Amino acid sequence: MCTGKCARCVGLSLITLSLVCIVANALLLVPNGETSWTNTNHLSLQVWLMGGFIGGGLMILCPGIAAVRAGGKGCCGAGCCGNRCRMLRSVFSSAFGVLGAIYCLSVSGAGLRNGPRCLMNGQWGYHFEDTAGAYLLNRTLWDWCEAPPRVVPWNVTLFSLLVAASCLEMVLCGIQLVNAIIGVFCGDCRKKKDTPH
């Protein structure tokens with residue numbers, strides 16, 4: 001596969017994953033789909049750190065767009081420099097994207113490990129923090145949270161989605177980083193007939 005076609009494929013995948021992360025983070029702000037719990041005292045710190053919005057979303061959207069653009073025609077018209085300029089930009093954007101994916105992964109992983117902030121026995125707190133993530137395997141503990149209702153499965157599902165998406169983003173940014181470096185040094189292997197006019 002040519003570096004340009006690979007860049008477009010990876011870029012479109014990154015854009016899709018970034019939108020998934022943004023939506024997942026937005027849903028974390030409304031536990032169980034209810035807006036009455038959006039008080040800062042009722043949501044966990046990991047929700048407010050916006051790992052999905054900032055790291056997995058905006059910081060991945062940039063390399064996704066850069067990769068799609070790197071797969072287009074060259075910077076001087078119909079590819080006079082073999083698209084090397086856009087590939088170079090994609091190298092830096094992909095490195096930036098890896099940092100965003102790591103941020104999203106670390107925040108989401110901490111959110112899964114600590115569990116949600118919820119009301120239990122009349123006190124708000126991180127009641128699953130001391131279990132070191134063992135609560136994930138024991139669903140009977142999930143019902144102990146009195147409020148927000150069904151907050152544990154809500155957080156587990158969305159943070160798990162963010163962990164999976166950020167892992168994929170990290171792999172795709174790594175692939176695009178290598179692809180773009182090859183594109184900078186070797187140019188694009190597409191023939192003139194493949195190049196849009």
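Of the residues that sit in the stretch 182-197 and are under 15 Å from G71 (Cβ atoms) and modelled with pLDDT of 80 or more, which one is surrounded by the fewest Cβ atoms within 10 Å (Cβ to Cβ)?
I182
Across the stretch 142-160, what is the number of residues that are in a helix (DSSP H, G or I) and either open to solvent by 30 Å² or more (accessible area, probe 1.4 Å) or modelled with pLDDT under 80 (or both)?
Taking the stretch 142-160 as the starting set, the residues that turn out to be in a helix (DSSP H, G or I) are 142-144, 151-160.
Cutting the leftovers down to either open to solvent by 30 Å² or more (accessible area, probe 1.4 Å) or modelled with pLDDT under 80 (or both) gives us 142-144, 154, 157, 160.
Counting residues in the stretch 142-160 that are in a helix (DSSP H, G or I) and either open to solvent by 30 Å² or more (accessible area, probe 1.4 Å) or modelled with pLDDT under 80 (or both) gives 6.
Among the listed residues G133, G125, G115, G111, identify the single one that is without any contact (Cβ under 8 Å) to a residue 40 or more places away in the chain, under 30 Å from L172 (Cα atoms) and open to solvent by less than 30 Å² (accessible area, probe 1.4 Å). Before you say what the answer is, go through the steps one by one.
Details: G125 fails: under 30 Å from L172 (Cα atoms); G115 fails: without any contact (Cβ under 8 Å) to a residue 40 or more places away in the chain; G111 fails: without any contact (Cβ under 8 Å) to a residue 40 or more places away in the chain.
Among G133, G125, G115, G111, only G133 is without any contact (Cβ under 8 Å) to a residue 40 or more places away in the chain, under 30 Å from L172 (Cα atoms) and open to solvent by less than 30 Å² (accessible area, probe 1.4 Å).
Would you be able to tell me the number of residues in the stretch 132-165 that are of a type in the set (F, W, Y), over 18 Å from Q46 (Cα atoms) and in contact with a helix residue (DSSP H, G or I) (Cβ under 6 Å, 6 or more places away or on another chain)?
Going through the stretch 132-165, the residues of a type in the set (F, W, Y) turn out to be 135, 142, 144, 154, 159.
Applying the additional criterion that residues be over 18 Å from Q46 (Cα atoms) yields 142, 144.
From what's left, in contact with a helix residue (DSSP H, G or I) (Cβ under 6 Å, 6 or more places away or on another chain): 142.
Result for the stretch 132-165: 1.
The values are calculated or read from the model by the stated rules, or taken from the named source; none is laboratory data. Please read all numbers here as calculations on a predicted model, not as lab measurements. Don't worry about glycine lacking a Cβ; one is built from the backbone with ideal geometry, like all the others, and counts go over all protein chains shown. Just the protein is used for accessible areas: all its heavy atoms, side chains included, with ligands, DNA and RNA removed. Shrake-Rupley method; radii C 1.70, N 1.55, O 1.52, S 1.80 Å.
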